[in-house]
Amino acid sequence: MREIILSEWIYRIVRVVYVVLFFYAGVNKILNPRAFATVIDAFGLVPDPLIMPIAVALPILEIVAAAGLLFDLRRSLGLVTGLLVFFMAVVSYGIWMGLDIDCGCFGPGDLEGEAYKGLRPAFYRNLILISGIVYLYGWRFIRAVKPVRLELLLNRIRYREE
């Protein structure tokens with residue numbers, strides 16, 4: 001069982017799941033930033049002048065995190081972890097305030113938002129996603145594997161071209 005859990009393929013599959021989720025979420029939001037800005041505004045946490053910049057920057061961060069995780073770049077798992085913790089904090093605030101709104105997790109008008117209409121399912125989903133992050137960090141620690149530094153990846157690409 002230990003061999004299966006510590007398999008490099010399982011590690012890659014879990015990583016790819018996060019890549020797909022974050023890329024899908026980021027692209028959906030960046031395609032319609034005004035609608036995503038409406039979702040952000042519904043939480044009431046951000047001053048009006050910052051809503052649109054955040055509605056553009058946050059999806060870009062999700063896409064960058066997905067790309068970094070795809071290539072297993074250093075700090076990309078940290079970025080994904082930070083984004084998930086941030087999302088959990090915002091959703092927790094919404095639950096605490098009794099808001100009955102779409103979390104905006106996968107962009108405006110996503111199927112998840114249409115189906116559940118609430119923040120609790122998003123919170124529970126984020127808890128499951130955090131468990132996957134713990135697995136990825138644990139796998140790296142147990143296997144003593146370090147992510148690739150961007151400079152090394154670029155050097156490898158240059159070397160192959162020569």
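The values are calculated or read from the model by the stated rules, or taken from the named source; none is laboratory data. What you see is a predicted model, and the numbers here were worked out from it, not measured in a lab. Cβ coordinates were reconstructed from backbone atoms using ideal geometry, including for glycine residues, and neighbour counts include every protein chain displayed. These area figures cover heavy atoms from the full protein model, side chains too; ligands, DNA and RNA do not enter into them. Shrake-Rupley method; radii C 1.70, N 1.55, O 1.52, S 1.80 Å.
Taking the 0 to 90 degree range and rounding to the nearest ten, how far is the long axis of helix 8-31 tilted relative to the main principal axis of the chain, both from C-alpha atoms?
40 degrees
Given an 8 Å cut-off on Cα distances and at least 6 residues of separation, report the relative contact order of the chain as a percent.
Relative contact order here is 27 percent.
Each label point is 7 Å from the Cα along the Cα-to-Cβ direction; what then is the distance between the points at A42 and Y135, in nm?
Computed distance between label sites A42 and Y135 equals 3.0 nm.
What does the extension gain come out to for I4 and M97, with contour length at 0.36 nm per residue minus their alpha carbon separation?
Full-extension gain reported as 29.2 nm.
Roughly what angle does helix 48-70 make with the longest principal axis of the chain, taking Cα atoms, 0 to 90 degrees, to the nearest 10?
Long axis of 48-70 versus the principal axis of the chain: about 20 degrees.
On the protein heavy atoms, probe 1.4 angstrom, tell me the percent of accessible surface of the chain carried by carbon and sulfur.
68 percent
Please work out how much length the chain gains when fully extended from M52 to V14, using 0.36 nm per residue of separation minus the C-alpha to C-alpha distance, in nm with one decimal.
10.5 nm
Around L119, which amide H atoms from residues at least 5 apart in sequence, or from another chain, sit under 5 Å from its own amide H, with H modelled in the peptide plane?
For L119, whose amide H was placed from the backbone, the distant partners under 5 Å are I101.
Using Cα atoms only, what is the angle between the long axis of helix 33-43 and the major principal axis of the chain, expressed in degrees (0 to 90) to the nearest 10?
On a 0 to 90 degree scale, this one is about 70.
On average, how much accessible surface per residue is there in the range 3-142, in Å², for a 1.4 Å probe, leaving out ligands, DNA and RNA?
55 Å²
Mean 1/r over all different Cα pairs, inverted: what Kirkwood radius does the range 1-99 give, in Å?
About 14.8 Å, per the Kirkwood formula over Cα pairs.
Order the following by accessible area, largest value first: L31, L73. Probe radius 1.4 Å; ligands, DNA and RNA are ignored.
L31, L73
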